[in-house]
1. Residue under question is residue 337, and the condition is that it be closer than 21 Å to residue 91 by Cβ and either open to solvent by 10 Å² or more (accessible area, probe 1.4 Å) or in contact with a strand residue (DSSP E or B) (Cβ under 8 Å, 6 or more places away or on another chain) (or both); does it hold?
2. Of everything in region 459-471, what is surrounded by 14 or more Cβ atoms within 10 Å (Cβ to Cβ) and closer than 27 Å to residue 61 by Cα? Give them in sequence order.
3. Kindly indicate which of 266, 235, 227 is of a type in the set (D, E, K, R) and crowded, with 21+ Cβ neighbours inside 10 Å.
4. Test each condition in (1) surrounded by 15 or more Cβ atoms within 10 Å (Cβ to Cβ); (2) modelled with pLDDT of 90 or more; (3) more than 30 Å from residue 39 (Cβ to Cβ) for residue 107 and report the one that comes out false.
5. In region 111-139, how many residues are assigned to a loop (DSSP other than H, G, I, E, B), exposed (fewer than 15 other Cβ atoms within 10 Å of the Cβ) and either modelled with pLDDT of 95 or more or touching a helix residue (DSSP H, G or I) at 6+ places or on another chain (Cβ under 9 Å) (or both)?
6. Let me confirm something: among 378, 371, which residue is part of a helix (DSSP H, G or I), of a type in the set (Val, Ile, Thr) and within 23 Å of the chain's Cα centre (by Cα)?
7. Name every residue in region 166-184 that is surrounded by fewer than 18 Cβ atoms within 10 Å (Cβ to Cβ) and either touching a residue at least 12 places away in the same chain (Cβ under 8 Å) or of a type in the set (A, V, I, L, M) (or both), in order of residue number.
8. Could you list, in sequence order, all residues of region 290-330 that are polar (S, T, N, Q), buried (at least 21 other Cβ atoms within 10 Å of the Cβ) and more than 25 Å from residue 167 (Cα to Cα)?
Amino acid sequence: MLRVEEGGGDGKDSAKKVETAVHVAGEETQVEVKTRSKRVAALDAFRGLTIVLMILVDDAGGAYERIDHSPWNGCTLADFVMPFFLFIVGVAVALALKRIPKVSEAIKKVVIRTLKLLFWGLLLQGGYSHAPDDLSYGVDMKHIRWCGILQRIALVYFVVALIEILTTKLRPTIIGSGPFAIFSAYYWQWIGGLIAFVLYMVLIFTLYVPDWSFVLHNPGDVNDGKRFTVQCGVRGHLGPACNAVGYVDRQVWGINHLYSQPVWIRSKDCTDSSSSMGPLRKDAPSWCLAPFEPEGLLSSISAILSGVIGVHYGHVLIHFKVHSERLKQWLLMGFGLLICGIILHFTNAIPINKQLYSFSYVCFTAGAAGIVFSAFYILIDLWSLRMPFLFLEWIGMNSMLVFVMAAEGIFPAFVNGWYYETPKKSLVHWIHEHVFVNVWHSERLGTLLYVIFAEIVFWAVVAGILHRLGIYWKL
């Protein structure tokens, strides 16, 4: 997604200016930094960690469903992936747009990159690609899914990048010494975040959600083609059936264009096997079978806050040259956000909820992102423990390639296309079954080990080789 190279610094001002390449989705922007020319490796490692988490929870979440997305309220390992992406997008934007020679050219590049992200998002998650197990392709435009991971990243990137560009003449060259000086210096970025926050909160708590209905489209299901009605008629509801997030998406995109397999089907209301997948309860409400868009419009407006917080971390990296000053700024904000999210959740004021992208979820995950990023910075850039995290750096440097080929299943789909007699007799299935499942005599453990070694380790090696060759997938 966003690739960044930035000067690091060891707390001492250098008399020599060095140029550092900053990559946003592979696009290079030259900036000058008065520091040593040491790359901040924590940026790539953090991005690589996010990709690794996505592969792990997507491909092993079926075997270990407790690491899969929370059925509704709460936060699991999978629920950190999206906000971590948006956090590092924000950091990259701050670094890439530190110097803007020509505003019109910068806006043009941002628009083009946004359109590229939207295109890849529709291609990979709109229903056209059925990878990796289904070798067919194509999508009925009556049921295309307009939203997705890359589409949300595109929206957040576009908004935070545009604010950075349009406020370039208002930026300070020197930050004051006050504790809130870095915040006041970039007040327009926080005003943008505040607008997104207010818009989201007003709509989610005041928008009236009427009764609604849907037709189940699931060939082979006994209820296929049957129409169900969900009774609402409420405001400010934060449950699965009658929230404003789902209502906005049904009105804007149309119910047939939403994600058809929402995670709430694993909730206690829908199955006795919660939080694992299981048969529907006999008294399960009708909305258990309804579509819901986890990357929808209203929740994506809230997601802008994750990007704004990432931009702030990038500004700290730019303006504070001493390690201790950077870490103080990052950790104070990280722990503050984390505590705020926990308090909001456990007081039942605003539950942590990824599907709604609730404010407590923003705080909790952004705080966690800031703390993890700071930990990487200490371990890799401060203590020089780079070797154990080198595989994450390699993946982070080629994050778009690994995302498309591994996380979205394009490479295994290509391999599965060369099968013997039936598609189930392919090299991918053979390795999974005979090298991992049969050896360990466990479907769950075998699947987990397959994901770790045949996917994560494999793509780390590929990314490392490509890094040595200087080959990167650029958007």
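1. Here the answer is yes, as residue 337 does meet what is asked.
2. 459, 460, 462, 463, 464, listed by residue number.
3. Exactly one of 266, 235, 227 is of a type in the set (D, E, K, R) and crowded, with 21+ Cβ neighbours inside 10 Å, namely 266.
4. (3)
5. So the count comes out to 5.
6. 371
7. 166, 167, 168, 170, 171, 172, 174, 175, 181, 183
8. Of everything in region 290-330, just one residue is polar (S, T, N, Q), buried (at least 21 other Cβ atoms within 10 Å of the Cβ) and more than 25 Å from residue 167 (Cα to Cα), namely 299.
The values are calculated or read from the model by the stated rules, or taken from the named source; none is laboratory data. No experiment lies behind these values; they were computed from the predicted model shown. Glycine also receives a Cβ, built like all others from the backbone with ideal geometry; neighbour counts cover every protein chain displayed. With ligands, DNA and RNA removed, areas are computed over all heavy atoms of the protein, side chains included. Shrake-Rupley method; radii C 1.70, N 1.55, O 1.52, S 1.80 Å.
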